[in-house]
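The values are calculated or read from the model by the stated rules, or taken from the named source; none is laboratory data. Quick caveat, the model's predicted, so the values are computed rather than measured. Cβ placement follows ideal geometry from the backbone for every residue including glycine, while neighbour counts extend to all protein chains displayed.
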Amino acid sequence: MDPSEAYNVEYMSEPLIHQDVVYFTKKWIEKSEYKTSIFKFRNGKAERVTYGGKESSPIISESSFYYVKTEEKTAHFMRIKENSEPVELFSLPKISKVVRYQEGFLVIGSEEEKSDLPLVAGRLNYRFDTRGLIRERKNLYFFSDKLSKVISGDYDVSDVIAHDRKAVAVISFKGNDTGLANLYNVDIEKCQIDKINDDEISSVAFNEKGELIYIGHREGLIPWATNYIYLPGHEPVLLGKHTGNGTSISDQFQGSEENIIVDNGTVYATGETGGASSIYAIKNGKAEVVVNGKATIQCFDVKDNKIAYVYSSQKKPSILAYDGKEYDPNIKISGVSGENLKAGKVEGWCMVGKPDNPNLVFVHGGPHAAYGESYMIEFQYFLGNGYNVLFCNPRGSSCYGSEFSSACVGDWGEGPAQDIFDFIEAAKKKYNLKGDFGITGGSYGGYMTNWMITHSGFFKAGISERCVSNLVSMCGTSDIGFWFNAIYMNIEDPWVPESMVNLMDQSPIFSIKKAKTPTMFIHGENDYRCPIEQSEQMFVGLKMNGVETELVRYQGDSHEHARAGKPPNMIDRLNRKKEWFDRYLKVH
């Protein structure tokens, strides 16, 4: 399989039910750039609605069809009334969300960034991955006859909902630097917001009575906390092992969406268990599974008790299902589904071609994330090129309960490494694997790759991507490291000597002298989550100690370089990874 062929995939999102039609957005790569357009699905057939290749966010209200048209530096809110030509209603440099409110629309958007001026940071949250240095915040606007700003400040508004043309609520990062968000009421006329509670919120909706429903938790600044759905008058409800969507990862360039839908008195939301997700219907505080299977739910909509949803499986990248019919935009793609394998409490999957093939062990990021039942471009690529692919969810992974998710706190390396080795031994025994083993992963998976090569000689080659290597330096260079690293290592203040000793003890760079494994490092130049200096330290350390190594730096790419980077870079990345593993791993 050729790397460019691996990315010849189309993904769907934003399903919207209107009468007997489901509108949705499709995303694909064309001539080295991403394209998006809106389609509609009816009677088992899909038909394109917009043709510019930059359209998304469909809204239907009365007799008009609305959408966002995004260009390089400007986003336009467009309307098609009946069969008329598209008309631009307003524009902003960036539009994140639009919802109907009264006779107009509530809009989350950003103004023009003055990138040629010096940035003066006055708070810790002055940069964020995929955004870089934050020069303009996400504001709340209202559009009727004209666009007016409602809420703005030195903080972001990340989501907005409206009820019955009166009540408005937003999720915002106001008042903290961590990026964890709270829920606020909005007074549109007074242009002010008031915090409702201190719960950490990821999604919110109104019920028919105007009462708030939300997904989140009440454990404070705890990244690994289990999310629940909170409904008025009832105890919090846990859907699966982790309420919500998005902790089961993939390398799709169209991410999953978490939302809550209220339809005819019933609340719909997703929940995840062990790498698979389901849609639940909740009525009178009791939850019932209404959509499940060996798959992950990417997004959904509900209207008059009918559900439209997009799902992904290890075999199929993106499927739209509605009213007993399905639409597959990738009919020529049929991936291989991994065989489930458990080693003690650790669940994983094995895609085995031949026992003699070389083996690649993949480690996910997070660490509070999980591999699951979604399609992975990279897994299918390496499987198609003669590698066995192994991937598992060691301690710290989500979707297995709070005790399992918190088991890596204070121990990012040794415990999870043992889980991975136990899984490898179980796979070797079951499939009689004889080929050499390589290891690769991104973010925390890059950390674990670094840990493995500095604490073991088992792997014949490694590729560490967007990695973590030095937990001390990351506290001062990452957009979240100043709080994230401290909490995961049970440290209150990372800047006292005893805390630095603790952080260094858990840092792979501290054991760099032990490394002998040929290792490539891949990083985006604009990574603000795990800054490129983390790879630079490992590369220089290995190079100075005579270990074979390379550092690949992709200009213009963020921490998302492996799943939403520049398409030519992603294709080049797969090719380089294969060449590296081909060089060092042997068939037996």
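Remarks
- Residue pairs whose Cβ atoms lie under 6 Å apart, separated by 6 or more positions or on different chains, with the first residue in region 567-588 and among the polar types (S, T, N, Q) and the second crowded, with 18+ Cβ neighbours inside 10 Å, are ASN569/TYR554; ASN569/ASP557; ASN575/PRO3.
- Taking first residues from region 493-505 that are closer than 22 Å to TYR447 by Cβ and partners that are surrounded by 12 or more Cβ atoms within 10 Å (Cβ to Cβ) and charged (D, E, K, R), no Cβ contact under 9 Å between residues at least 6 apart in sequence or on separate chains turns up.
- Region 261-290, subset without any contact (Cβ under 8 Å) to a residue 24 or more places away in the chain and within 25 Å of the chain's Cα centre (by Cα), residue surrounded by the fewest Cβ atoms within 10 Å (Cβ to Cβ): VAL289
- Pick from region 142-180, criterion within 26 Å of the chain's Cα centre (by Cα) and aromatic (Phe, Trp, Tyr), ranking: modelled with the lowest pLDDT: PHE173
- So TYR381, is it in a loop (DSSP other than H, G, I, E, B) and of a type in the set (Phe, Trp, Tyr): no
- Pick from region 183-212, criterion free of Cβ contacts under 8 Å to residues at least 40 places away in the same chain and not in a strand (DSSP E or B), ranking: surrounded by the fewest Cβ atoms within 10 Å (Cβ to Cβ): GLU189
- Only one of the listed residues (LYS429, LYS460) is among the basic types (Lys, Arg) and closer than 30 Å to MET570 by Cα. That residue is LYS460.
- Inter-residue pairs, beta-carbon under 9 Å, first without any contact (Cβ under 8 Å) to a residue 24 or more places away in the chain and in region 422-447, second assigned to a loop (DSSP other than H, G, I, E, B), 6+ apart: LYS428/LYS434
- Count of residues meeting criterion [part of a strand (DSSP E or B) and either among the polar types (S, T, N, Q) or farther than 23 Å from ASN245 by Cα (or both)] in region 7-20: 2
- Residue satisfying all of: in region 104-127; more than 29 Å from the chain's Cα centre (by Cα) and over 16 Å from MET78 (Cα atoms); surrounded by the most Cβ atoms within 10 Å (Cβ to Cβ) among these: LEU117
- Screening region 213-286 for strands (runs of 3 or more DSSP E) wholly inside it with 2 or more residues that are not aromatic (Phe, Trp, Tyr) returns the ranges 261-263, 266-273, 276-283.
- If only residues of region 218-239 that are without any contact (Cβ under 8 Å) to a residue 60 or more places away in the chain and in contact with a Ser or Thr (Cβ under 6 Å, 6 or more places away or on another chain) are counted, the one that is surrounded by the most Cβ atoms within 10 Å (Cβ to Cβ) is ASN227.
- Against the list (1) among the charged types (D, E, K, R); (2) out of contact with any Leu (no Cβ under 8 Å at 6 or more places or on another chain); (3) over 30 Å from THR519 (Cα atoms), the condition ASP301 fails is (2).
- Subset of region 154-169 that is over 26 Å from VAL120 (Cα atoms), aliphatic (A, V, I, L, M) and free of Cβ contacts under 8 Å to residues at least 60 places away in the same chain - its residue that is surrounded by the fewest Cβ atoms within 10 Å (Cβ to Cβ): ALA167
- Residue under evaluation SER406, criteria (1) within 23 Å of the chain's Cα centre (by Cα); (2) in a helix (DSSP H, G or I); (3) surrounded by 19 or more Cβ atoms within 10 Å (Cβ to Cβ); (4) of a type in the set (Gly, Ala, Ser), criterion not met: (3)
- Failed condition for PHE423, given (1) surrounded by fewer than 24 Cβ atoms within 10 Å (Cβ to Cβ); (2) part of a helix (DSSP H, G or I); (3) in contact with a Leu (Cβ under 8 Å, 6 or more places away or on another chain): (1)
- Residue count for region 37-93 under the criterion of being exposed (fewer than 13 other Cβ atoms within 10 Å of the Cβ) and not in a strand (DSSP E or B): the result is 12.
- Look at (1) at pLDDT below 95; (2) assigned to a strand (DSSP E or B) and you find that TYR23 fails only one, number (1).
- Residue match in region 340-349 (condition: in contact with a helix residue (DSSP H, G or I) (Cβ under 6 Å, 6 or more places away or on another chain), farther than 24 Å from THR273 by Cα, surrounded by 18 or more Cβ atoms within 10 Å (Cβ to Cβ) and modelled with pLDDT of 95 or more): no
- Residue in region 291-307 that is nearest to VAL262 (Cα to Cα), counting only those that are of a type in the set (A, V, I, L, M, F, W, C) and over 21 Å from the mean Cα position of the chain (by Cα): VAL302
- Verdict on ILE215 being touching a Gly at 6+ places or on another chain (Cβ under 7 Å), over 30 Å from MET570 (Cβ atoms) and not charged (D, E, K, R): yes
- Residue count for region 291-320 satisfying the condition of being crowded, with 22+ Cβ neighbours inside 10 Å, in a strand (DSSP E or B) and either small (Gly, Ala, Ser) or without any contact (Cβ under 8 Å) to a residue 24 or more places away in the chain (or both): 2.
- Here is the figure for region 564-585: residues that are basic (Lys, Arg) and farther than 13 Å from TYR381 by Cβ total 2.
- Those helices (runs of 4 or more DSSP H) of region 440-527 in which at least 3 residues are touching a helix residue (DSSP H, G or I) at 6+ places or on another chain (Cβ under 8 Å) and crowded, with 21+ Cβ neighbours inside 10 Å, considering only elements entirely within it, cover 444-455, 471-477, 481-488.
- Filtered by the rule that a residue be closer than 30 Å to ASP572 by Cα and surrounded by 15 or more Cβ atoms within 10 Å (Cβ to Cβ), region 1-23 gives PRO3, SER4, ALA6, TYR7, VAL9, GLU10, TYR11, MET12, SER13, GLU14.
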